[in-house]
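S.K.: Have a look at the structure that comes next, please.
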Amino acid sequence: MSVFYKQGDQWVVKQGVSDNASINDCAKAMGYEHNQFYSYTNYNQPYDYDTNSDGILCVCLKVMTEDIICVVTNPGRTTLTDAEVRRYMQDFNFSFDYSLYTMESDLDEAIAEHNYSIQFVAEALGIPYSPDDKILYSSKFKYNFIFEGGYLVGYEIADSYNREAHELKDSGSWLFQKMESHAERYHGSNDDVIREINIQAKAFYNLPAGMNNQFLPEFVNADDSYNFKMLLVAKYEGTENEEGINYDDCKCICHNELKFDSNVDEGLDKLTKYRYREYILTFDDKGSLRSCEYNSNSSSTDDNHQESKSLQPSSSGCMVTLMSAICIMTMAVAAIIVIL
């Protein structure tokens, strides 16, 4: 492979890179470890500049940035122009090609390998820093980056939304709006609103077939929002799609649909059963879910689940009405006879 990097206003070939080098080898030749860069490949136009040129294979960029580290081409190429690079990158979309999922994967690996210095992160984020700083805040990503001894040891989303909620929120998804409206109906504007949104957003991203899931109609709320988490609990318990739920989170997202059913002793275990719609959920004394079982005799009458129904007169009411009408007609006939 040929590896080009920018020197001044020229693209220069990096010497000493083998024709059989991997993408990781190319980035390492530029001084970057495997978790300090990401690569972009434009599959729409890798080889279409002109009939005589060797194509660009990919572009390596510094993590958390749109800064190009190097351009990797077929072996033997000796020149590269800005115009060619711009054309290759014309379909590049930073938020899509370097998602929060990708960033968190890089961060997790960097923490494990202890190779993100505070200088490296600060320069990537484009923010000032001091070597003694413990936390750097990025307004670009809305993350706090936490350091000890000058190296990254942790990170957190500064506004408390998890990455799944951010994906929905930042895309302007109607799903996020539904989640938010539903949570605010029950929680007002406190931290439990964000807590419920985070639970439901993460569940949505784990939902098999997404909005085409076959069980979704069973878990729609009266306001047309969905309880994605309870769908996973009820239908996918014990699979890779469901991570379980505790009582506090269950109460947070089910609101007054979660009804106490009974206390049960199983040996030394103290268990509590609750009803959610047509399901019985059993929790242990620490609030961890033990089981979720379908029970057709269990149903919630909460207005969050059931639509209001028009009141229908009872059969006894109909009988009273009919007898009243007969009495009135009889009295009218008697009055006519008296007059005659």
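The values are calculated or read from the model by the stated rules, or taken from the named source; none is laboratory data. Please read these numbers as outputs of a predicted model, since none were measured by experiment. Note that we place each Cβ from the backbone using ideal geometry, even for glycine, and neighbour counts take in every protein chain shown. For the accessible areas, the whole protein counts, side chains as well, though only heavy atoms, and no ligand, DNA or RNA atoms are used. Shrake-Rupley method; radii C 1.70, N 1.55, O 1.52, S 1.80 Å.
S.K.: Filtering the stretch 9-35 down to residues that are in contact (Cβ under 8 Å) with a residue 12 or more places away in the chain and aliphatic (A, V, I, L, M), which residue is nearest to LEU57 (Cα to Cα)?
M.R.: Filtering the stretch 9-35 for residues that are in contact (Cβ under 8 Å) with a residue 12 or more places away in the chain and aliphatic (A, V, I, L, M), the one nearest to LEU57 (Cα to Cα) comes out as ILE23.
S.K.: Looking at GLY55, GLY8 in this structure, which one is on the phi > 0 side of the Ramachandran plot and not basic (Lys, Arg)?
M.R.: Values: GLY55 fails: on the phi > 0 side of the Ramachandran plot.
Matching residue, one of GLY55, GLY8: GLY8.
S.K.: Just the residues that are under 26 Å from GLU164 (Cα atoms) and loosely packed, with under 13 Cβ neighbours inside 10 Å, please, taken from the stretch 68-107.
M.R.: Of all residues in the stretch 68-107, those under 26 Å from GLU164 (Cα atoms) come to 91-107.
Residues satisfying the conditions are ASN93, PHE94, SER95, PHE96, TYR101.
S.K.: While we're on this one: Return the only residue of ASN212, ASN198, ASN221, ASN227 being in contact (Cβ under 8 Å) with a residue 12 or more places away in the chain and surrounded by fewer than 20 Cβ atoms within 10 Å (Cβ to Cβ). Don't jump to the end; show me each part of the working.
M.R.: On the way: ASN212 fails: in contact (Cβ under 8 Å) with a residue 12 or more places away in the chain; ASN198 fails: surrounded by fewer than 20 Cβ atoms within 10 Å (Cβ to Cβ); ASN227 fails: surrounded by fewer than 20 Cβ atoms within 10 Å (Cβ to Cβ).
The match here is ASN221.
S.K.: Then there is this: Within the set of pairs 6+ apart or on separate chains, which have a first residue in the stretch 119-133 that is on the phi > 0 side of the Ramachandran plot, a second that is open to solvent by 40 Å² or more (accessible area, probe 1.4 Å) and not acidic (Asp, Glu), and C-beta atoms under 9 Å apart?
M.R.: So the pair list comes out as GLY126/LYS140.
S.K.: Going residue by residue through the stretch 26-38, is there one that turns out to be within 30 Å of TYR151 (Cα to Cα), open to solvent by 30 Å² or more (accessible area, probe 1.4 Å), assigned to a strand (DSSP E or B) and at pLDDT 95 or above?
M.R.: Residues of the stretch 26-38 within 30 Å of TYR151 (Cα to Cα): 26-38.
From what is left, the residues that are open to solvent by 30 Å² or more (accessible area, probe 1.4 Å) are 28-34.
Subsequent filtering for residues that are assigned to a strand (DSSP E or B) retains none.
Within the stretch 26-38, none of the residues are within 30 Å of TYR151 (Cα to Cα), open to solvent by 30 Å² or more (accessible area, probe 1.4 Å), assigned to a strand (DSSP E or B) and at pLDDT 95 or above.
S.K.: With (1) farther than 23 Å from ASP284 by Cβ; (2) within 14 Å of the chain's Cα centre (by Cα) as the list, and LYS229 as the residue in question, which single condition is left unmet?
M.R.: (1)
S.K.: Turning to a different aspect of this structure: What number of residues within the stretch 15-25 are outside any helix (DSSP H, G or I) and either surrounded by 17 or more Cβ atoms within 10 Å (Cβ to Cβ) or in contact with a Leu (Cβ under 6 Å, 6 or more places away or on another chain) (or both)? Lay out the reasoning, then the answer.
M.R.: Going through the stretch 15-25, the residues outside any helix (DSSP H, G or I) turn out to be 15-22.
If we keep only those that are either surrounded by 17 or more Cβ atoms within 10 Å (Cβ to Cβ) or in contact with a Leu (Cβ under 6 Å, 6 or more places away or on another chain) (or both) as well, we get 17, 21.
Number of matching residues: 2.
S.K.: Here's a follow-up. Being without any contact (Cβ under 8 Å) to a residue 60 or more places away in the chain, more than 26 Å from ASN295 (Cβ to Cβ) and open to solvent by less than 50 Å² (accessible area, probe 1.4 Å): is that true of SER262 here? Give the derivation first.
M.R.: Details: without any contact (Cβ under 8 Å) to a residue 60 or more places away in the chain: yes; more than 26 Å from ASN295 (Cβ to Cβ): no; open to solvent by less than 50 Å² (accessible area, probe 1.4 Å): yes.
It is false that SER262 is without any contact (Cβ under 8 Å) to a residue 60 or more places away in the chain, more than 26 Å from ASN295 (Cβ to Cβ) and open to solvent by less than 50 Å² (accessible area, probe 1.4 Å).
S.K.: While we're on this one: Quick test of your reading of the structure: TYR294 fulfils all but one of (1) under 20 Å from ASP192 (Cα atoms); (2) open to solvent by 80 Å² or more (accessible area, probe 1.4 Å); (3) in contact with a strand residue (DSSP E or B) (Cβ under 7 Å, 6 or more places away or on another chain). Name the failing condition by number.
M.R.: All conditions pass for TYR294, except number (1).
S.K.: If you don't mind, there's one more thing I want to ask. Listed residues ALA183, ALA165; which is surrounded by 14 or more Cβ atoms within 10 Å (Cβ to Cβ), small (Gly, Ala, Ser) and modelled with pLDDT of 95 or more? Walk me through how you get there before you give the answer.
M.R.: Values: ALA165 fails: modelled with pLDDT of 95 or more.
Just one listed residue meets the conditions, ALA183.
S.K.: Considering each of GLY172, GLY149, GLY154 in turn, give the residue that is open to solvent by 20 Å² or more (accessible area, probe 1.4 Å), over 19 Å from the mean Cα position of the chain (by Cα) and among the small types (Gly, Ala, Ser).
M.R.: Details: GLY172 fails: over 19 Å from the mean Cα position of the chain (by Cα); GLY154 fails: open to solvent by 20 Å² or more (accessible area, probe 1.4 Å).
GLY149 is the lone residue from the list that is open to solvent by 20 Å² or more (accessible area, probe 1.4 Å), over 19 Å from the mean Cα position of the chain (by Cα) and among the small types (Gly, Ala, Ser).
S.K.: For the stretch 231-254, what are the residues that are within 20 Å of ASP191 (Cβ to Cβ) and either open to solvent by 30 Å² or more (accessible area, probe 1.4 Å) or assigned to a loop (DSSP other than H, G, I, E, B) (or both)? Steps first, please.
M.R.: The initial filter retains those residues of the stretch 231-254 that are within 20 Å of ASP191 (Cβ to Cβ), namely 245-254.
Those that are within 20 Å of ASP191 (Cβ to Cβ) and either open to solvent by 30 Å² or more (accessible area, probe 1.4 Å) or assigned to a loop (DSSP other than H, G, I, E, B) (or both): ILE245, ASN246, TYR247, ASP248, ASP249, LYS251.
One line per residue, one yes/no per condition, for (1) touching an Asp or Glu at 6+ places or on another chain (Cβ under 9 Å); (2) within 17 Å of ASP25 (Cβ to Cβ); (3) free of Cβ contacts under 8 Å to residues at least 24 places away in the same chain; (4) in a strand (DSSP E or B):
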{"residue": "VAL59", "(1), (2), (3), (4)": "no, yes, no, yes"}
{"residue": "PRO75", "(1), (2), (3), (4)": "yes, yes, no, no"}
{"residue": "THR78", "(1), (2), (3), (4)": "no, no, no, no"}
{"residue": "ALA83", "(1), (2), (3), (4)": "no, no, yes, no"}
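S.K.: Oh, and also: Suppose the filter is polar (S, T, N, Q) and modelled with pLDDT of 95 or more; does THR65 pass it? Spell out the reasoning first.
M.R.: Values: polar (S, T, N, Q): yes; modelled with pLDDT of 95 or more: yes.
Against the criterion (polar (S, T, N, Q) and modelled with pLDDT of 95 or more), THR65 qualifies.
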